[in-house]
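Notes to accompany the following structure.
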Amino acid sequence: MKPWKLFYLSLLLAPLPLQAAPELNVGGLYDYLDGDRSTLLKRVRNGGDSTAFVKVSVAELVYDANSVPREIDQTQLPLEQRGLIASPARLIIPARGMQAVRLLYRGERAQERYFRLRFIPVLPEQGDGFAVTEAEAESYRDSLKAGVNLLAGYGTLLFVHPAAAQYQTDVTGQGGRLQVVNQGNATVVLDHFRQCQAADQKCEAATKHHLLPGSTRRFEPVAGKPVFQFEMYEGDQRKTLVVPG
């Protein structure tokens, strides 16, 4: 048997506490690929007590005229038609370990595109791409015991900016309301968004918002908190704004 298979087999057969299971950490839920870049490294960590077998899937989000998205599974397309490729698409992550996925974008850059990535821990089976035998797969399933119910996957979003990104964002506060209009061709991010009684005083919990090209977002006032405070990202440019409603 090859040395790497012996290593993973030893991980599978190691004594595990009852309900031991993988615990994935995929880092940020949002990633951004600038117009002059075509690759991105995504690190996936396993903080659990057992090896994680993880499938990585990629789907493109295409929005219709009403801003309703539909998913296009990239694995169902011929390789030359896939806008984004995740490599490897199968990860074996030891307990307390880490593996990396390289995202390669190979599509057009005339307009912004969006992709959903799913990192799904699974019970391996022979012939499913993890290169384990049926005996190894059965041993792993037995080792999880009740912990099989604790398997949890994660989804992230990748924003692929156009080659010639242009930003034009209008921010106005009036009548207690805030309106943000994205007239550019790339997504604008409103991070650490809070409504406050005054700047940095008695603020609501911070949130994060994405404004796609051509979209408008209106924020209604919260009683007693007429000040909107946030960081606006236009590509790698950051502006800290405090806007009275």
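The values are calculated or read from the model by the stated rules, or taken from the named source; none is laboratory data. Small disclaimer: the values here were computed from a predicted structure and weren't measured. Using ideal geometry, Cβ is built from the backbone for each residue, glycine included, and neighbour counts are taken over all protein chains shown.
Tabulated data
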quantity: Enumeration of residues in segment 99-113 that are free of Cβ contacts under 8 Å to residues at least 60 places away in the same chain and within 28 Å of residue 23 (Cβ to Cβ); calculated: 99, 100
quantity: Elements of type strands (runs of 3 or more DSSP E) in segment 87-145, at least 2 residues being within 30 Å of residue 186 (Cβ to Cβ) and in the same structural domain as residue 37 (by TED's automatic domain parsing); calculated: 98-105, 113-121
quantity: Enumeration of residues in segment 214-235 that are among the charged types (D, E, K, R) and either closer than 17 Å to residue 191 by Cβ or in contact (Cβ under 8 Å) with a residue 60 or more places away in the chain (or both); calculated: 217, 231, 234
quantity: Any pair with Cβ under 6 angstrom, 6 or more apart, that starts in segment 74-96 at a residue that is under 13 Å from residue 45 (Cβ atoms) and ends at one that is in a strand (DSSP E or B); calculated: 91/54; 91/99; 93/46; 93/52; 93/99
quantity: Selected residue (only one of 49, 31 is under 18 Å from residue 187 (Cβ atoms) and either polar (S, T, N, Q) or surrounded by 15 or more Cβ atoms within 10 Å (Cβ to Cβ) (or both)); calculated: 31
quantity: Near pairs, Cβ below 6 angstrom, 6+ apart or cross-chain, from segment 29-43 (part of a loop (DSSP other than H, G, I, E, B)) to any residue that is among the β-branched types (Val, Ile, Thr) and surrounded by 14 or more Cβ atoms within 10 Å (Cβ to Cβ); calculated: 29/156
quantity: Residue that is surrounded by the most Cβ atoms within 10 Å (Cβ to Cβ) [pool: residues in segment 123-145 that are closer than 12 Å to residue 51 by Cβ and among the hydrophobic types (A, V, I, L, M, F, W, C)]; calculated: 132
quantity: Per-region count, segment 46-67, residues more than 19 Å from the chain's Cα centre (by Cα) and either outside the structural domain of residue 93 (by TED's automatic domain parsing) or of a type outside the set (Ser, Thr, Tyr) (or both); calculated: 5
